[in-house]
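No lab work stands behind these numbers, since they all come straight from the coordinates. Model, not experiment: these values are computed from the prediction. Heads up, the Cβs are rebuilt from the backbone with ideal geometry, glycines too, and the neighbour counts pull from every protein chain shown.
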């Protein structure tokens, strides 16, 4: 299978998962599980890619130059992107689930989801800030 085809399948699948999280209040548990299912499918795609498209390079994980060398091959970039898609989507599903348990209004979580999709850790930090402020206003523990 061509790398571009793999990219499109993973990218489009992830967007379905993100859409499920945005509309989660309609059927919270089912849609969270759907998003996590997509994240698991992406994790499986990552595993398959690891054994089928990894391109050997001189790089490694012990230096920035080594990481740059690893990502100098298209197959390795594809694996890295699939890794981001899977983990960010899982984090987004956790944010929605946690917000539901804590009573955080979903409309406050949606911007966090956007930033988790686009900027990963910044979205997670934003969610923790929203959770903390909402918790304090509601008289709940933010931990």
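Values as computed for the structure displayed
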| read-out | value |
| --- | --- |
| Protection proxy ranking of 108-121, 46-59 - average other beta-carbon atoms within 10 Å, highest first | 108-121, 46-59 |
| Semi-axis lengths, Å, the chain, gyration tensor of Cα atoms, sqrt of 5 times eigenvalues | 33, 18, 10 |
| Equivalent ellipsoid dimensions for the range 1-60 as semi-axes, Å, which come from the Cα gyration tensor, largest first | 29, 11, 9 |
| Fewest-first ranking of 63, 93, 72, using other Cβ atoms within 10 Å as the exposure measure | 63, 72, 93 |
| Relative contact order %, the chain, counting alpha carbon pairs below 8 Å whose residues are six or more apart | 22 percent |
| Rounded to whole Å, sorted largest first: equivalent-ellipsoid semi-axes of the range 59-117, Cα gyration tensor | 34, 10, 9 |
| Projected area averaged over orientations for the range 90-139, convex hull of C-alpha atoms, nm² | 2.9 nm² |
